[in-house]
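Q: There's a structure below that I have some questions on.
Read the figures in this text as sums done on the coordinates, not as results from a lab. Predicted model only: the values in this text are computed from it and were never measured. Don't worry about glycine lacking a Cβ; one is built from the backbone with ideal geometry, like all the others, and counts go over all protein chains shown.
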Amino acid sequence: MFHIGDEANARIPLTLRITAGSSREFGPLNAAVLYFGNIKERKERQESISLEQDSYQLEKEIEIEEGLAVGYVRAEVRTEKNLCLTNPIWIV
């Protein structure tokens with residue numbers, strides 16, 4: 001299992017486990033997006049994560065059979081009141 005700031009090997013199948021939570025103070029989760037950065041191509045692509053309406057929790061696994069190119073994966077989660085950005089997991 002990899003955590004924020006860790007390094008993972010490129011081009012090896014992996015499972016991304018995404019977890020996020022909010023509280024009544026910050027409101028329900030409105031949006032969640034994964035960002036996949038490709039260092040060689042100097043590009044970043046986005047993948048939205050579907051959320052249940054009025055949900056305060058997110059737990060999802062995404063299988064990436066072909067692995068990822070050298071770069072990074074990071075997440076962004078929004079509520080009505082706030083934005084949370086993660087540090088990346090580096091793909092080396």
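Q: Take the Cα pairs of the chain, get the Kirkwood Rh, then feed it into Stokes-Einstein at 25 °C and 0.890 mPa s and tell me D in µm²/s.
A: Details: Rh = 13.8 Å.
Answer, rounded: 178 µm²/s.
Q: Have a look at 70, 32, 55 and report the one farthest towards the positive end of the charge dipole of region 7-91, computed about the Cα centre with Cβ charges (Lys/Arg +1, Asp/Glu -1).
A: In region 7-91, that residue is 70.
Q: Could you compute the net charge surrounding residue 69? Neighbours are other residues with a C-beta less than 11 Å from the C-beta of residue 69; K and R count +1, D and E count -1. Don't skip to the answer; put the middle values down first.
A: Numbers: positive: 11, 40, 43, 45; negative: 41, 66.
Computed value for this residue: +2.
Q: Also: About its Cα centre, how strong a charge dipole does the chain have in debye, to the nearest 20, once Lys and Arg get +1 and Asp and Glu get -1 at the Cβ? Mind dumping the intermediate values first?
A: Details: 11 positive and 15 negative charges, 68 e Å.
For this selection, approximately 320 debye.
Q: Could I have the simple spin-label model distance between residue 55 and residue 23, label points 7 Å from Cα toward Cβ, reported in nm to one decimal?
A: 2.2 nm
Q: I'd like the antiparallel share, as a percent to the nearest 5, of DSSP beta bridges with both residues in the chain.
A: Among the beta bridges of the chain, antiparallel pairing accounts for roughly 95 percent.
Q: Tell me the relative contact order for region 7-91 as a rounded percent, counting alpha carbon contacts under 8 Å between residues six or more apart.
A: Computed over region 7-91, the figure is 41 percent.
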